[in-house]
C-alpha cells in the first residue's frame with residue numbers, strides 16, 4: 001500500500017515537472033516568434049545625388065571638371081574624394097555589392113552597399129545634373145511612400161524608393177531655382193525619415209517635406225557644402241538608433257572638422273525636426 005502511494009507521488013511530481021518544462025519551451029517559442037522579426041529585420045537607405053552642374057543649376061560655378069553634371073566620374077558630389085561614390089567606397093563599414101549603370105532615365109550610376117556589421121543596405125543614385133527638378137520630385141515621392149521599389153541584387157531583394165526607411169538628398173537646393181505645382185502626401189503609415197544636405201534646405205523644403213509625412217532627421221539653415229562625410233556621420237548615427245539631437249550633433253562635429261568653420265557655426269547650420 002505504501003509503495004503505491006510512493007508511486008502515485010512520484011508520478012505526480014514527474015507530471016508537474018513535464019508541465020513546467022512544456023511551459024518553458026512554449027514561452028521560449030513565443031519569445032522567438034515575437035523577437036525574430038525584430039532581430040532579423042533589414043533597414044534600407046536611398047540616397048539621391050544631384051550631380052553638381054555649372055550650366056544647369058543656379059550655383060556659384062566650381063572648376064569645370066568637377067562641375068560637369070553629365071560626368072559622374074569627376075563630379076564634385078559623386079566621383080571626387082568627398083563625393084558619395086568615392087567616400088563610401090573607402091569606408092570600412094560599407095561594402096559595395098553592386099554597381100548598375102544607366103539603371104533609369106536621368107540616373108547615370110546606381111550603387112548598392114551593404115553594411116558590414118548590420119543588416120542595412122544603402123542605394124545611391126547619381127542623377128544627371130540637368131535633371132535636378134526630377135531628382136527633387138523623386139525625393140518627395142520617396143519620402144511620401146510613392147514609387148516603391150524592390151531591387152534584385154544577385155540573390156538579394158533590396159528595398160528602395162518609397163520602400164526605404166531613410167531617404168537622403170545631396171546637392172544643390174533646386175527649390176531655390178524652381179517651384180513645384182504640388183507636393184505628394186503620404187500613401188501609407190510607414191515611418192520614413194529624410195536627410196537633405198543642400199543650402200538652406202529647411203527653409204525651402206519645410207512645406208514639401210511636411211506634406212509627405214516624413215520626419216526631417218537632418219537639414220540645414222544656411223549655405224553649406226554637401227560633401228559625403230556629413231552624410232556618412234548622419235547615417236552612422238541613424239543606424240545606431242541615436243536620438244535626432246545626437247545625429248545633429250555628430251553631423252555638426254564632422255562638418256566643423258572638415259570645413260574648419262567652428263563648432264558653433266556648424267551647430268547653427270544643422271537642425272532636426274520641424275522646429
message: Just to be sure I understand, how many residues within the range 50-84 are under 15 Å from residue 199 (Cβ atoms) and touching a strand residue (DSSP E or B) at 6+ places or on another chain (Cβ under 9 Å)?
response: 3
field: Hey, residue 77 closer than 24 Å to residue 65 by Cα and part of a loop (DSSP other than H, G, I, E, B) or not
entry: yes
- prompt: Do you know which residues across the range 106-118 are in contact with a helix residue (DSSP H, G or I) (Cβ under 8 Å, 6 or more places away or on another chain) and loosely packed, with under 15 Cβ neighbours inside 10 Å?
  reply: 118
message: Considering only the range 183-193, I want to know if a residue exists there that is touching a strand residue (DSSP E or B) at 6+ places or on another chain (Cβ under 8 Å), buried (at least 22 other Cβ atoms within 10 Å of the Cβ) and closer than 18 Å to residue 49 by Cα.
response: no
message: more than 15 Å from the chain's Cα centre (by Cα), touching a residue at least 12 places away in the same chain (Cβ under 8 Å) and assigned to a loop (DSSP other than H, G, I, E, B): which single residue out of 175, 180 fits that description?
response: 180
field: Subset tally (residues that are in contact with a strand residue (DSSP E or B) (Cβ under 8 Å, 6 or more places away or on another chain), surrounded by fewer than 21 Cβ atoms within 10 Å (Cβ to Cβ) and within 14 Å of residue 269 (Cα to Cα)) for the range 203-223
entry: 1
Close pairs (6 angstrom Cβ cut-off, 6 or more residues apart or separate chains): free of Cβ contacts under 8 Å to residues at least 40 places away in the same chain and at positive phi in the range 139-155, assigned to a helix (DSSP H, G or I) and crowded, with 16+ Cβ neighbours inside 10 Å anywhere: 147/141
query: Can you name the residue in the range 143-161 that is modelled with pLDDT of 95 or more, surrounded by fewer than 23 Cβ atoms within 10 Å (Cβ to Cβ) and not in a strand (DSSP E or B) and is also nearest to the chain's Cα centre (by Cα) among such residues?
result: 145
message: For the range 81-105, which positions are in a loop (DSSP other than H, G, I, E, B) and either buried (at least 20 other Cβ atoms within 10 Å of the Cβ) or at pLDDT below 95 (or both)?
response: 83, 105
message: Which count do you get for residues in the range 183-214 that are outside any helix (DSSP H, G or I) and more than 30 Å from residue 114 (Cβ to Cβ)?
response: 4
task: For the range 226-249, indicate whether the set of residues that are on the phi > 0 side of the Ramachandran plot and either surrounded by fewer than 20 Cβ atoms within 10 Å (Cβ to Cβ) or free of Cβ contacts under 8 Å to residues at least 40 places away in the same chain (or both) is non-empty.
output: yes
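The values are calculated or read from the model by the stated rules, or taken from the named source; none is laboratory data. Keep in mind it's a predicted model, so treat the numbers as computed, not measured. All Cβ positions, even for glycine, are placed from backbone atoms using ideal geometry, and neighbour counts span all protein chains on display.
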